[in-house]
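Working notes for the structure below.
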Amino acid sequence: MEKLIQRAQQANSLLCVGLDPTGDDQQVARRLAEVIDQTSPYAAAFKPNLAFFLSREDGVKLLRETVHRIPESIPVILDGKFGDIANTADHYARFAYDVIGADGVTVNPYMGDDAIVPFARPGKMVFVLAKTSNKPVHSLQDVALTRGGYLSDYAAQVARKLDGEHGGIGLVVGATNAEAVARMRRLSPEQWFLVPGVGAQGGDLQATLRAGLRPDGSGLLINTSRALWQAADAGAAARELVEQINKYRPVMA
Ligand SMILES: O=C(O)c1cc(=O)[nH]c(=O)n1[C@@H]1O[C@H](COP(=O)(O)O)[C@@H](O)[C@H]1O
């Protein structure tokens, strides 16, 4: 997590700029460049979502160009929600890190720890889906375990154990349920959380920060995608969000 920690301190920001590009191919390339250039001063990280690139011809090329445009000091998390048996996961890891040049990924833990470990390379970040922002009718994450707690708690425990063994493992926790953020923080006092759900999904920023910030005022990466993509001035919107976030962070000595 060193690159992320350094960048968050340097930019005094916990904002993750989500890149979920919509529109026709020509517009999209132009808008991506614009959003990256305007939001870079305020971004602790960027998170391109793989689906929005793969859904267009030459999507991998566009993704590579996108990552290339992002300043080297800002970490890039490729949001692919990967999760497959280890030898397949190894190929996803090669794609994310070697082909695309990402600094981190999101991973779905449903297939267990061996689906996560191939992504845990030195210097890379792995964000494991624990308690996501959506609210399904049939939520696997909310299944109560006979041993106590919920399946999402178990995902967090596995991620914590793997972080101890490999380093660089964080959680994905949605901003749409502050109680769940607090619960995850109790289970994982020190890990970094990638937190989507603010903006278009209506998550409560203040409640999320209160529930999830570590005592050092850090440890959360607040993602927003559509709200910046659709903003008339993405730079101003990003700056405003950083200011809002920083209002709730304790002032460090
Ligand atoms: O892993 C994610 O990034 C993710 C996890 C989650 O629980 N909820 C969630 O919305 N996301 C992603 O975060 C982004 C949210 O986008 P906006 O709702 O437009 O800000 C999308 O790329 C989602 O795929």
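Label separation (ARG186 vs ASP20): 3.0 nm, computed from points 7 Å beyond Cα along the C-beta direction. Find the centroid of the Cα atoms in region 136-179 and in region 215-238, then give the distance between the two in whole Å. First find each Cα centre; the distance between them is then 24 Å.
Placing unit charges on the Cβ atoms only, positive for Lys and Arg and negative for Asp and Glu, gives region 66-128 a dipole magnitude near 140 debye about its Cα centre.
What is the magnitude of the charge dipole of the chain about its Cα centre, with +1 placed on the Cβ of each Lys and Arg, -1 on the Cβ of each Asp and Glu, and no other charges, expressed in debye to the nearest 20?
Numbers: 27 positive and 28 negative charges, 115 e Å.
Using only the charged Cβ atoms, the result is roughly 560 debye.
If you wrap the tightest convex hull around every Cα atom of the chain and split its volume per residue, you get 124 Å³. Counting only Cβ charges, +1 for Lys and Arg and -1 for Asp and Glu, the dipole size of region 134-179 around its Cα centre is about 60 debye.
Each of ILE5, ILE77 has some number of other Cβ atoms within 10 Å of its Cβ, and from fewest to most they run ILE5, ILE77.
Classify region 127-212: rounded, prolate or oblate, from the alpha-carbon gyration tensor (a ≥ b ≥ c, eigenvalue square roots; a/c under 1.5 rounded; otherwise prolate if a/b is larger than b/c)? Here region 127-212 falls in the oblate category.
Note on GLN9 and ALA207: the extension gain reaches 69.0 nm, defined as 0.36 nm multiplied by sequence separation minus the Cα-Cα distance. Between ALA227 and ARG214, the simple spin-label model (points 7 angstrom out along Cα→Cβ) gives 2.4 nm.
On the beta carbon distance between ARG69 and GLN157, with R0 = 51 Å, the FRET formula returns roughly 0.85.
Arranged from fewest to most other beta-carbon atoms within 10 Å of their beta carbon, THR146, THR66 become THR146, THR66. Among TYR110, TYR154, the order by Cβ neighbours within 10 angstrom, fewest to most, reads TYR110, TYR154. Based on Cα contacts under 8 Å between residues 6+ apart, the chain shows a relative contact order of 19 percent.
Look at the dipole of the chain built from charges on Cβ: of VAL76, LEU220, ALA178, the Cα furthest out on the positive end belongs to ALA178.
Note on the chain: GNM, Cα springs under 10 Å; of SER152, SER55, SER218, the largest mean-square fluctuation is that of SER55. Annotation: lysines with alpha-carbon distance below 21 angstrom to LYS131 (same-chain offsets under eight excluded): LYS47, LYS81, LYS161. Give the residue from TYR154, ILE116, THR66 lying farthest towards the positive end of the charge dipole for the chain; charges sit on Cβ (+1 for Lys and Arg, -1 for Asp and Glu) and the dipole is referred to the Cα centre. Looking along the dipole axis, the top candidate is TYR154.
For region 1-149, just say rounded, prolate or oblate: build the C-alpha gyration tensor, square-root its eigenvalues into a ≥ b ≥ c, call rounded for a/c under 1.5, and beyond that prolate if a/b exceeds b/c, oblate if not.
The shape class here is prolate.
No lab work stands behind these numbers, since they all come straight from the coordinates. This structure is a prediction, so every number in the text was calculated from the model and none was measured. We place every Cβ from the backbone using ideal geometry, glycine too, and count neighbours over all the protein chains shown.
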